[in-house]
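Trainee: Right, I'll just put the structure down here and ask away after.
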Amino acid sequence: MIEMNGPEKPVIIDTDPGVDDALALILALRSPELHVKAITTVNGNTSLRQSTENALRILEIVALPDPPPVIPGAAIPLNREPIPSASIHGRDGLGEITFLKDRRGKKKYTPPRHKPEPTYAPGAIIELVNEHPGEITIITLGPLTNIALALQTDPGLSRHVKEIITMGGAYSVPGNVTPAAEFNFYCDPEAAQEVIGSGIPLTLVGLDVTRSARLSRHALMNATKKRTRLNQFLRDSTEFVMDFYREREGYHGCCVHDALAVMAAIDGSIIGTKRAHVEIETEGKLTAGMSVADLRPYARGKTGAPNATIALYVDSTRFEQQLLERITDA
Ligand code: BDR
Ligand code: CA
């Protein structure tokens, strides 16, 4: 039984699916607390074209009667080359499901039938936020290029966004793509800095907590016994990344970073937070994309006032339970 955590929140989800993005989108679309008004896509885990196709595929699998529009955005970072797609998500960004064949040798997953909107994500974000001033929460699950472009185009936008909840950064722990930087901020550090400096109320859900936002293979298998298209998709899309974790860490499961950002939007009590001043390194040779949080005691005044709320604790057991309850067909 899904319990509601407060009234429905209108959200835009900006994403680069990505296996954990896929689970995060399924969670958002199946959670009554959120009203997903648009899904905007960005280059990151995979190319913009593939991210967009993946978002459409996820919508088809969730099969809502009135699905939100999928709107493509930035194909490259603000002023850097795109980095090669993250090997952890497979060649198609969705754990290589598009290469799977059924017993008769036919593709198990054919291209989605739905098409993206013919509009551009930064413009669509501006329009939606200005139509609903002070109401929209933006949840970002990929590089922040689309949001930075929207802010550059309409500098007044920052006054009208209710809140941004971002999966990105590593504040008291090492990075994942480099020793210093987390993937989403590393892809487009300038965009991340622009968003963090925008004055929009920000909750940063980084590796400090998302490394503990785990989904075990055993729990997933148990929760997806019923034969449905969604359950099959969950099993198929996570297999590749779970193999990756088993080989790298001996863990039978995977981290689902982005799903924790969505869960925090649904139920803020899943994370414990601290206010801090944060800046993103845009110049360092070894530290590009590093999220530098002033977590020193009495830091205020040395680097500037706190400009973000950082997640530092997570109830991982409750996270996994709630995630499975919501994303699987029981
Ligand atoms: C982030 O990087 C991506 O690979 C994931 O989808 C997540 O958004 C974690 O560092
Ligand atoms: Ca992502």
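Trainee: Write out the trypsin sites (Lys or Arg not before Pro) in the stretch 198-245 meeting two conditions: DSSP loop, and at most 14 other Cβ atoms within 10 Å of their Cβ.
Mentor: K225, K226, R227
Trainee: Filter K37/K274; K37/K115; K162/K302; K37/K106; K115/K225 down to the pairs with a C-alpha to C-alpha distance above 24 Å, please.
Mentor: Checking Cα-Cα distances, K37/K274; K162/K302; K37/K106; K115/K225 exceed 24 Å.
Trainee: Right, next: In degrees between 0 and 90, to the nearest 10, how far off the longest principal axis of the chain does helix 257-266 point, with axes built from Cα atoms?
Mentor: Between the helix axis and the principal axis of the chain, the angle is about 80 degrees.
Trainee: For the chain, set up a Gaussian network in which alpha carbons nearer than 10 Å are linked by springs, and say which option among Q50, Q193, Q232 fluctuates the most.
Mentor: Q232
Trainee: Could you compute the net charge surrounding V173? Neighbours are other residues with a C-beta less than 12 Å from the C-beta of V173; K and R count +1, D and E count -1.
Mentor: Local charge sum for V173: -1.
Trainee: Moving on. Restricting to DSSP H runs of at least four residues, report the calculated mean residue ellipticity at 222 nm for the chain, -39500 (n - 2.57) per run over all residues, nearest 500 deg cm²/dmol.
Mentor: For the chain, the value works out to -10000 deg cm²/dmol.
Trainee: Now, a different point. Loop-only GluC sites (Glu not before Pro) in the stretch 270-306, please: DSSP not H, G, I, E or B, and at most 15 other Cβ atoms within 10 Å.
Mentor: E283
Trainee: What is the chain's relative contact order, in percent, from Cα pairs under 8 angstrom and six or more apart in sequence? Display every interim value, and only then the final one.
Mentor: Numbers: 740 pairs, mean separation 65.4, N = 330.
Result for the chain is 20 percent.
Trainee: Name the residue, out of A74, A219, A150, whose mean-square fluctuation peaks in a Gaussian network model built on the chain with Cα pairs under 10 Å.
Mentor: The residue that fluctuates most here is A219.
Trainee: Right, here's the next one. Could you give the distance between the Cα centres of the stretch 210-231 and the stretch 91-159, to the whole Å?
Mentor: Measuring centre to centre over Cα atoms gives 24 Å.
Trainee: Roughly how many Å² is the accessible area per residue of the chain, as a whole number, for a 1.4 Å probe?
Mentor: 43
Trainee: Counting only protein heavy atoms, what percent of the accessible surface of the chain is carbon or sulfur at a 1.4 Å probe? Show your work: numbers first, answer last.
Mentor: Working: 7530 of 14330 Å².
Heavy-atom surface of the chain belonging to carbon and sulfur, 1.4 Å probe: 53 percent.
Trainee: Only loop residues by DSSP count here, and only those with at most 15 other Cβ atoms within 10 Å; note down the trypsin sites (Lys or Arg not before Pro) in the stretch 11-91 that meet that.
Mentor: On the way: sites: R30, K37, R49, R57, R80, R91; in loops: R30, R80, R91.
Loop-located and lightly packed - R91.
Trainee: Work through the residues other than E247 whose Cβ is under 14 Å from its Cβ and net out their charges, Lys, Arg +1 and Asp, Glu -1.
Mentor: Once all neighbours under 14 Å are counted, the net charge is 0.
Trainee: Excluding A259 itself, calculate the net charge of residues whose Cβ lies under 9 Å from the Cβ of A259, where each Lys or Arg counts +1 and each Asp or Glu counts -1.
Mentor: It works out to a net charge of -3.
Trainee: Mind checking which of T178, S87, M167 is farthest towards the positive end of the stretch 9-327's charge dipole, using Cβ charges of +1 (Lys, Arg) and -1 (Asp, Glu) about the Cα centre?
Mentor: It is S87, whose Cα lies furthest towards the positive end.
Trainee: Further question on the same structure: Ignoring everything but the protein chains, give the 1.4 Å probe accessible area of E127 in square angstrom, nearest 10.
Mentor: For E127, solvent-accessible area is about 120 Å².
Trainee: In whole Å, what are the Cα extents of the chain along the three principal axes, biggest one first?
Mentor: Dimensions of the chain along the principal axes of its Cα atoms: 65, 43, 42 Å.
The values are calculated or read from the model by the stated rules, or taken from the named source; none is laboratory data. Source: prediction; values computed, not measured. We place every Cβ from the backbone using ideal geometry, glycine too, and count neighbours over all the protein chains shown. Just so you know, the surface numbers come from the protein's heavy atoms only, side chains and all, with ligands and any DNA or RNA stripped out. Shrake-Rupley method; radii C 1.70, N 1.55, O 1.52, S 1.80 Å.
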